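The values are calculated or read from the model by the stated rules, or taken from the named source; none is laboratory data. As the structure is a prediction and not an experimental result, all values here were calculated from the model. Methodologically, a virtual Cβ is constructed for each residue, glycine included, from the backbone with ideal geometry; neighbour enumeration extends over all protein chains shown. The protein model used for the area step is the full one, side chains on, heavy atoms only, and it has no ligands, DNA or RNA in it. Shrake-Rupley method; radii C 1.70, N 1.55, O 1.52, S 1.80 Å.
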Amino acid sequence: MRFKHLISIDDLSRDDVEYILNLAEKFLRIAKGEERATPLEGKLLANLFFEPSTRTRMSFEVAMKRLGGEVINMTAQEASSVAKGETLADTIKVVSKYADVIVLRHPLEGAARFAAEHSDVPVINAGDGAGQHPTQTLLDLYTIKKESNLKGLKIALMGDLKYSRTVHSLIKALTLFNAKIYLISPPSLALPEEFLEEVRSMTDVEEVNLEDVIRDIDVLYVTRIQKERFPDEEEYFKVAGSYKVDAEILKKAKKNMIVMHPLPRVDEIDVSVDETHYAKYFQQTFYGVPVRMAILYELLLEKFEI
Amino acid sequence: MDSAKEGSLAVSKIKCGTVIDHINAGKALLVLRILGIKPGCSERVLIAMNVPSKKMGKKDIVKVEGKYIGEKELDRIALISPNATINLIDEYEVSEKRRVELPSTVEGILTCPNKNCITNSKEPIKSKFHIRRSGESVRAVCHYCGRKIYELDKYVV
């Protein structure tokens with residue numbers, strides 16, 4: 001058994017990550033609907049979403065159904081009425097009697113680890129507050145593997161590097177692969193100093209401007225700069241405007257460079273990029289399906305094997 | 001014994017009980033809180049604060065008559081003063097010397113400063129921290145949300 005639950009990317013070794021990415025590859029054609037297989041027939045997934053997230057919830061639902069399994073949903077609205085009278089611990093104890101696997105999104109950090117302690121069945125963390133969202137990181141890595149190369153990777157992360165959990169988890173995972181990491185952000189949204197030091201001790205990392213590295217990088221990973229992080233709108237527009245990717249700047253990029261984004265985007269990637277061969281963000285979202293299939297398969301069927 | 005020499009100006013010997021020496025300067029009152037000694041208590045307590053120490057520069061000492069310290073209290077003291085030494089006293093003599101040891105994990109001893117952490121909710125849950133030491137600095141990492149804390153004494157329950 002590699003792992004019983006999937007709570008944090010920090011719990012996984014490089015070997016674990018590679019294992020999941022290789023397994024995802026085997027499910028790719030089934031994820032696309034080009035082949036049919038039903039190894040999870042008779043298995044039931046419970047989506048417990050205490051916060052709205054259509055994209056992640058649907059992706060898990062698709063992954064489960066494409067493998068022949070079934071899904072029950074508790075939406076954010078239903079969850080909030082449950083939450084009024086019942087602890088998460090009790091909800092998990094009840095639902096783990098119904099379902100074979102629980103997918104949990106919850107506003108409190110650490111909720112998934114806590115839920116796993118109360119569950120008889122595997123728990124998958126689909127985001128706990130500003131904490132962890134490991135399946136996002138795994139699908140990001142799978143996208144890089146498929147559309148670029150995890151070996152000898154040079155990647156630039158651009159946007160909100162201070163608050164974005166997606167970025168923090170991805171950076172940690174990239175250190176497992178000794179990637180060269182470039183950081184591009186306004187000073188007020190830079191990677192927290194303590195975290196930067198930690199990363200420096202593990203891999204090569206540098207704070208740069210996009211112009212300096214655009215010719216050299218394999219992947220440009222863009223994240224949303226959130227308006228609510230700024231005290232006034234003017235400041236936001238000033239910053240957001242200078243961290244925008246358009247088809248013009250991409251003319252300087254390597255031919256096989258790719259642009260990624262966890263979506264939803266606001267306007268940090270101009271729609272003019274969508275039509276270029278650099279744009280991989282919609283493909284990236286789709287790759288969430290084979291990756292989640294691999295995780296479900298591993299947790300539901302492989303759990304008794306070494 | 002250098003602790004006796006350093007402390008002798010400020011505090012006298014006790015007959016039976018516990019002497020906690022080499023407490024980080026200024027933390028004696030926190031140690032009293034950990035020992036459950038509150039205003040209005042009946043224990044005889046001697047405190048020395050900011051006394052000179054060869055090893056530490058300045059240190060605090062606490063002596064409590066008639067009280068022997070337990071494991072859980074030792075863990076708490078270790079978090080705020082990893083160099084503290086414990087002497088159990090019987091008939092004015094040291095009957096046992098102990099050093100505090102930093103536990104690798106502590107449960108229910110520290111509170112997580114992250115208001116959004118599940119340990120600060122109404123769930124039936126005890127806080128849990130992993131303790132990491134590098135040289136003289138000690139940090140604790142929340143088992144649930146991953147928040148790191150450095151000034152541990154601020155978060156001892």
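Observations, loosely collected:
- Antiparallel content of DSSP bridges confined to the protein assembly as shown, in %, to 5: 50
- With all protein chains in place and a 1.4 Å probe, the accessible surface of the protein assembly as shown carries 49 percent carbon and sulfur.
- Dividing the summed helix terms, -39500 (n - 2.57) for each DSSP H run of n ≥ 4, by the number of residues in chain B produces a 222 nm estimate of -4000 deg cm²/dmol to the nearest 500.
- Rounded tilt (10° steps) of B:71-80 against the dominant C-alpha axis of chain B: 80
- Our Cα-only numbers for chain B put the radius of gyration and Dmax at 16.5, 51 Å.
- Under-5 Å amide H pairs with residue A:72, H placed in peptide plane, nonlocal only: A:45, A:46, A:47
- Unsatisfied cross-links (Cα-Cα over 29 Å) in the set A:65/A:93; A:145/B:128; B:67/B:122: A:145/B:128; B:67/B:122
- Here the Kirkwood formula, the inverse mean of 1/r across different C-alpha pairs, assigns the range A:238-286 a hydrodynamic radius of 11.3 Å.
- Among A:50, A:286, A:237, the residue with the largest mean-square fluctuation in a Gaussian network model of chain A, with springs joining Cα atoms closer than 10 Å, is A:237.
- Rounded if a/c under 1.5, otherwise prolate or oblate - the protein assembly as shown, Cα gyration tensor axes: prolate
- For chain B, built as a Gaussian network whose Cα springs stay under 10 Å, the top-fluctuating residue of B:101, B:43, B:136: B:136
- Cα-based shape type of the range A:44-181, given that a ≥ b ≥ c are square roots of the gyration tensor eigenvalues and the cut on a/c is 1.5: prolate
- Rounded to the nearest 500, the 222 nm mean residue ellipticity of chain A from helices alone is -13500 deg cm²/dmol, with -39,500 (n - 2.57) taken per DSSP H run of at least 4 residues.
- Here each label is just a point 7 Å from Cα along the line to Cβ, and for residue A:274 and residue B:16 those points are 8.3 nm apart.
- Estimated inter-spin distance, residue B:139 and residue A:207, nm [label 7 Å along Cα→Cβ]: 1.8
- Anisotropy class of the range B:78-152 from Cα gyration tensor, a/c 1.5 cut: prolate
- Relative to the longest principal axis of the Cα atoms of chain A, the long axis of helix A:54-66 lies at roughly 50 degrees.
- The mean sequence separation of alpha-carbon pairs under 8 Å and at least six residues apart, normalised by the residue count of chain A, gives a relative contact order of 21 percent.
- Annotation note: GluC sites (Glu not before Pro) in the range A:1-72 located in DSSP loop regions with a Cβ neighbour count of at most 13 within 10 Å are A:34, A:35, A:41.
- Histogram of C-alpha separations across the range A:186-292, 5 Å bin width, %: 2, 10, 18, 20, 20, 17, 10, 2, 0
- Note on chain A: GNM, Cα springs under 10 Å; of A:105, A:36, A:224, the largest mean-square fluctuation is that of A:36.
- Helix A:233-242 vs. chain A, principal-axis angle (Cα, 0 to 90°, nearest 10): 80
- Relative contact order, whole percent, for the range A:134-285 stands at 26, derived from Cα pairs under 8 Å and 6 or more residues apart.
- Relative contact order of the range A:116-179, defined on C-alpha pairs under 8 angstrom at six or more residues apart (%): 34
- 25 °C / 0.890 mPa s Stokes-Einstein diffusion coefficient of the range A:1-51, Kirkwood radius on C-alpha pairs, µm²/s: 180
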